[in-house]
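Here's the structure, in structure tokens; my notes come after.
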Amino acid sequence: MAWSAEQYLKFENERTRPASDLLAQVPLGTAARVIDLGCGPGNSTELLVERFGVDAVSGLDSDRDMLDKARARLPHTRFDAADLSQWQPPADADLLYANAVLQWIPDHLALMQQWLQALRPGAVLAVQMPDNLGEPTHLLMEETGAAGPWAARFEGSRLRRAPLPQPARYLEALSPLCSRVDVWHTIYNHPMADAQAIVEWVRGTGLRPYLAAAGMEHEAAFLADYTARIDRAYPPLADGRRLLRFPRLFVVAVRA
Ligand SMILES: C[S@@+](CC[C@H](N)C(=O)[O-])C[C@H]1O[C@@H](n2cnc3c(N)ncnc32)[C@H](O)[C@@H]1O
């Protein structure tokens, strides 16, 4: 399913914060080969270039619109098209960095093991994924899908991403290959202007498959119904804004 870089970048600062928090925990002073996996519009790649230099960093994504935006943003950086579920890392990579992408690949834990096996000692795999399927934003996508005149289109569909494995599973699966595995959660609390802003946020990511399933003819009504539910689920703060709670899972693994 196609992404929209423009929609994704509406909340660029908030979306780049976890990218920066992940990078802060990467235990490398220098690196000659760094690959930004699922680089999107290049916002995470830019952080990597700032830290490791333009010659060290390249980006990879499967979406044409995202790659176009990334190339326009960082014209001196190499960006390649590839599907991560079919991709193998080069043996000389120092850092594989995957911010907000592996949640879309159900079997990503096996992929992370494969990638680590291909790396040399000391190389790092750094991953961050939204862990928000239990949040109202995502529960209400399901509810809305089941409730309107579009409901037949959602019956038996599997639009929901697979839930992330528990932190212990990452530790158990990666530790035999690693000298160090760090797994943690951070819960961000983003003040959003109103309910509509929360809807705009998820339109850039998790809501896309639901809108596609509802179809163009139902899009406006689906959004109105979903927005009304979000409005009730996220009550106004004293100043009228809404607080978007957003849990994220982080993994930093160093190859033994
Ligand atoms: C939420 S964006 C993350 C962008 C950026 N890394 C950031 O930190 O904001 C997810 C990106 O992963 C890409 N993506 C999703 N599945 C992919 C796959 N199987 N292979 C390569 N890229 C994929 C999408 O095209 C999208 O650009």
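Measuring nothing but how far apart in sequence close Cα pairs (under 8 Å, 6+ apart) lie, relative to its length, the chain scores a relative contact order of 22 percent.
Based on the Cβ-Cβ distance of residue 55 and residue 185, what FRET efficiency does E = 1/(1 + (r/R0)^6) give at R0 = 30 Å, to the nearest 0.05? Rounded to the nearest 0.05, the efficiency is 0.30.
P(r) for the stretch 135-179, from all Cα pairs and a bin width of 5 Å, is 5, 17, 18, 14, 10, 8, 9, 9, 6, 3, 1 %, short bins first. In plain terms, the C-alpha convex hull of the stretch 108-256 casts an average shadow of 10.4 nm² when viewed from every direction. Counting every pair of alpha carbons in the stretch 32-183, the share spaced more than 24 Å apart comes to 42 percent. For the stretch 139-168, the list of trypsin sites (Lys or Arg not before Pro) that fall in a loop by DSSP and count at most 14 other C-beta atoms within 10 angstrom reads 158. In the context of the full set of protein chains, the stretch 1-93 has a per residue accessible area of 49 Å² (1.4 Å probe).
In whole angstrom, note down how far apart the Cα centers of the stretch 11-37 and the stretch 223-246 are. Spelled out, the Cα-based centre of one part sits 30 Å from the other. Rg over Rh for the stretch 71-134 works out to 0.99, using Cα positions for both radii and the Kirkwood form for Rh. Measuring nothing but protein heavy atoms, the accessible surface of the chain at 1.4 Å probe radius is 50 percent carbon and sulfur. Per-peptide packing, taken as the mean over residues of other Cβ atoms within 10 Å, places 83-93, 123-133 in the sequence 123-133, 83-93 from highest down. Computed over the alpha-carbon atoms, the chain gives an Rg to Rh ratio of 0.98, Rh here being the Kirkwood radius from the mean inverse distance. DSSP beta bridges confined to the stretch 9-113 are antiparallel in about 0 percent of cases.
What does the accessible area per residue of the stretch 167-242 come to in Å², with a 1.4 Å probe and no ligands, DNA or RNA counted?
47 Å²
Calculated translational diffusion coefficient of the stretch 175-256 (10 °C, 1.306 mPa s; Stokes-Einstein with Kirkwood radius over alpha-carbon pairs) equals 104 µm²/s.
The values are calculated or read from the model by the stated rules, or taken from the named source; none is laboratory data. For clarity, every value in this text was computed on a predicted model and none was experimentally measured. Positions of Cβ are backbone-derived with ideal geometry, glycine not excepted, and every protein chain shown enters the neighbour counts. Accessible surface areas use protein heavy atoms only, side chains included; no ligands, DNA or RNA. Shrake-Rupley method; radii C 1.70, N 1.55, O 1.52, S 1.80 Å.
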